[in-house]
């Protein structure tokens with residue numbers, strides 16, 4: 001069984017300039033999300049001198065995930081919607097904007113909230129960074145900003161620009177992320193905010209929320225429950241993926257070693273795989289079958305139209321980052337963890353399956 005603490009310990013063992021984090025305070029939006037929670041657990045594990053100001057909409061979920069730190073004096077939680085003006089009466093040295101609607105059901109069910117989180121929410125976080133004179137602002141962007149591959153490249157480099165049809169329901173996510181990146185550049189120039197950008201591929205791992213509707217998340221949840229994997233297309237889409245701990249490690253690398261104003265792709269070629277191959281991999285690991293179903297109208301509205309979206313990792317590898325988990329190992333460990341979490345639902349230290357998540361609070365007992 002995967003031990004979530006081992007993932008955190010791996011991140012903490014990386015040869016990063018950790019001295020930059022000593023006695024520092026981190027302000028993190030989307031704190032209870034798949035990546036935000038990894039970042040917070042890693043920071044607390046790394047140093048007893050680090051403080052975290054966490055932003056999120058669900059106090060109960062946050063308390064379940066971060067109960068070990070709640071009354072430590074090192075942790076503050078603000079239950080706020082970042083699309084509203086933020087009222088934070090504390091000072092932060094680093095600001096990380098990790099809040100986002102990141103799965104198809106949210107794109108289709110809350111298209112306004114999806115785009116506003118990337119634009120209005122990013123503005124509010126940048127305003128805080130400027131007001132606090134933070135040392136650095138980190139924006140979590142997405143492979144989706146590249147749109148559809150025009151057929152002129154195998155891998156998207158950071159200066160690539162593909163096609164996005166802006167007149168669709170789900171366009172709010174990629175266009176919002178593009179606008180969020182543009183806001184970072186505007187605040188760099190006009191308000192002198194030091195900003196860096198991490199462009200994430202499709203991320204998965206033990207900190208995923210049970211409500212996540214991304215294809216890989218649905219496949220993994222089915223595998224964990226030993227149910228047949230449901231593929232709702234021919235599965236020819238070829239995408240880059242990344243295990244959550246590797247994604248968190250990459251973001252910390254960008255935060256601590258990246259150059260002001262630069263964007264960095266996060267990916268590894270050993271985790272590039274078609275949707276059909278991914279479904280077959282998970283089915284094989286779980287001992288189940290793959291079956292095909294037509295998506296309903298709501299599902300189809302939230303699906304990406306990109307058929308090939310592979311990220312070049314040359315730029316971030318030059319900073320010294322490389323992936324620790326390939327797709328097979330990462331998926332196998334995630335399925336194992338979630339399957340065991342399901343078996344011991346009553347004993348979970350973090351959010352229960354019924355509460356919408358399958359992750360234990362890594363800080364529990366540390």
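The values are calculated or read from the model by the stated rules, or taken from the named source; none is laboratory data. Just so it is clear, the structure is predicted and the values come from calculations on it, not from any experiment. Cβ: placed from backbone, ideal geometry, glycine included. Neighbour counts: every protein chain shown.
Give region 1-30 a look and list any residue that's without any contact (Cβ under 8 Å) to a residue 60 or more places away in the chain and outside any helix (DSSP H, G or I), or say none. First the steps, then the outcome.
Start the filter on region 1-30 by keeping residues that are without any contact (Cβ under 8 Å) to a residue 60 or more places away in the chain, which leaves 3, 6, 9, 12-13, 19, 22-23.
Correct list: 3, 22, 23.
Going by what's in this entry, would residue 269 be described as closer than 22 Å to residue 311 by Cα, surrounded by fewer than 24 Cβ atoms within 10 Å (Cβ to Cβ), out of contact with any helix residue (DSSP H, G or I) (no Cβ under 8 Å at 6 or more places or on another chain) and at pLDDT 95 or above?
Details: closer than 22 Å to residue 311 by Cα: yes; surrounded by fewer than 24 Cβ atoms within 10 Å (Cβ to Cβ): yes; out of contact with any helix residue (DSSP H, G or I) (no Cβ under 8 Å at 6 or more places or on another chain): yes; at pLDDT 95 or above: yes.
When the stated conditions are applied, residue 269 passes them.
Quick one: which residue in 339, 301, 349 is out of contact with any helix residue (DSSP H, G or I) (no Cβ under 7 Å at 6 or more places or on another chain), surrounded by 17 or more Cβ atoms within 10 Å (Cβ to Cβ), outside any strand (DSSP E or B) and at pLDDT below 95?
Unique residue meeting the criteria: 349.
If I filter region 127-143 for residues that are surrounded by 17 or more Cβ atoms within 10 Å (Cβ to Cβ), touching a helix residue (DSSP H, G or I) at 6+ places or on another chain (Cβ under 8 Å) and at positive phi, do I get at least one hit?
No: zero hits.
Could you run through region 88-109 and say how many residues are touching a helix residue (DSSP H, G or I) at 6+ places or on another chain (Cβ under 9 Å), over 20 Å from residue 21 (Cβ atoms) and at pLDDT 85 or above? Working first, answer last.
The initial filter retains those residues of region 88-109 that are touching a helix residue (DSSP H, G or I) at 6+ places or on another chain (Cβ under 9 Å), namely 88, 90-109.
Filter once more, so that each one left must be over 20 Å from residue 21 (Cβ atoms): 99-109.
From what is left, the residues that are at pLDDT 85 or above are 99-100.
Looking only at that region, the number is 2.
So, in region 186-222, exactly how many residues are in a loop (DSSP other than H, G, I, E, B) and either at negative phi or without any contact (Cβ under 8 Å) to a residue 12 or more places away in the chain (or both)?
Of region 186-222, the ones in a loop (DSSP other than H, G, I, E, B) are 192-194, 201, 205-208, 210-214.
Then drop every residue that is not either at negative phi or without any contact (Cβ under 8 Å) to a residue 12 or more places away in the chain (or both), which leaves 193-194, 201, 206-208, 210-214.
The total comes to 11.
Looking at 130, 134, 171, can you tell me which residue is touching a strand residue (DSSP E or B) at 6+ places or on another chain (Cβ under 6 Å) and either within 13 Å of residue 95 (Cβ to Cβ) or modelled with pLDDT under 95 (or both)? Outline the logic, then answer.
Working: 130 fails: touching a strand residue (DSSP E or B) at 6+ places or on another chain (Cβ under 6 Å); 171 fails: touching a strand residue (DSSP E or B) at 6+ places or on another chain (Cβ under 6 Å).
Just one listed residue meets the conditions, 134.
Looking at region 261-283 only, could you name the residues that are within 23 Å of residue 323 (Cα to Cα) and part of a helix (DSSP H, G or I)?
Narrowing region 261-283 to residues within 23 Å of residue 323 (Cα to Cα): 262-282.
Scanning region 261-283 gives 269, 270, 271, 275, 276, 277, 278, 279, 280, 281, 282.
Inspect region 70-89 for any residue being over 27 Å from residue 124 (Cβ atoms), loosely packed, with under 15 Cβ neighbours inside 10 Å and either in contact (Cβ under 8 Å) with a residue 12 or more places away in the chain or within 21 Å of the chain's Cα centre (by Cα) (or both) and give the result as yes or no. Walk me through how you get there before you give the answer.
Step one: of region 70-89, the residues over 27 Å from residue 124 (Cβ atoms) are 71.
From what's left, loosely packed, with under 15 Cβ neighbours inside 10 Å: 71.
Now drop any that are not either in contact (Cβ under 8 Å) with a residue 12 or more places away in the chain or within 21 Å of the chain's Cα centre (by Cα) (or both), which leaves none.
The answer is no; no qualifying residue exists.
Is there any pair with a first residue in region 327-339 that is within 16 Å of residue 274 (Cβ to Cβ) and a second that is outside any helix (DSSP H, G or I) whose Cβ atoms are under 7 Å apart and which are 6 or more apart or on different chains, and what are they?
327/241; 327/273
Residues 92, 99: which one is in contact (Cβ under 8 Å) with a residue 24 or more places away in the chain, buried (at least 18 other Cβ atoms within 10 Å of the Cβ) and over 29 Å from residue 216 (Cα atoms)? Spell out how you get there, then give the answer.
Details: 99 fails: over 29 Å from residue 216 (Cα atoms).
Answer to the check: 92.
Residue check: is residue 240 in a loop (DSSP other than H, G, I, E, B), in contact with a strand residue (DSSP E or B) (Cβ under 8 Å, 6 or more places away or on another chain) and either crowded, with 24+ Cβ neighbours inside 10 Å or at pLDDT below 95 (or both)? Please lay out each step first, then the result.
Numbers: in a loop (DSSP other than H, G, I, E, B): no; in contact with a strand residue (DSSP E or B) (Cβ under 8 Å, 6 or more places away or on another chain): yes; either crowded, with 24+ Cβ neighbours inside 10 Å or at pLDDT below 95 (or both): yes.
So residue 240 fails the test.
Test residue 247 against the criterion of being touching a residue at least 12 places away in the same chain (Cβ under 8 Å), under 19 Å from residue 39 (Cβ atoms), touching a strand residue (DSSP E or B) at 6+ places or on another chain (Cβ under 6 Å) and surrounded by fewer than 23 Cβ atoms within 10 Å (Cβ to Cβ), and give yes or no. Steps first, answer last, please.
Details: touching a residue at least 12 places away in the same chain (Cβ under 8 Å): yes; under 19 Å from residue 39 (Cβ atoms): yes; touching a strand residue (DSSP E or B) at 6+ places or on another chain (Cβ under 6 Å): yes; surrounded by fewer than 23 Cβ atoms within 10 Å (Cβ to Cβ): no.
No.
If you go through region 147-156 one residue at a time, do you hit one that is touching a helix residue (DSSP H, G or I) at 6+ places or on another chain (Cβ under 9 Å), under 23 Å from residue 258 (Cα atoms) and at pLDDT 95 or above?
Just the residues of region 147-156 that are touching a helix residue (DSSP H, G or I) at 6+ places or on another chain (Cβ under 9 Å), to begin with: 147, 155-156.
Narrowing the set further to residues that are under 23 Å from residue 258 (Cα atoms) leaves 155-156.
From what is left, the residues that are at pLDDT 95 or above are 155-156.
Within region 147-156, one or more residues are touching a helix residue (DSSP H, G or I) at 6+ places or on another chain (Cβ under 9 Å), under 23 Å from residue 258 (Cα atoms) and at pLDDT 95 or above.
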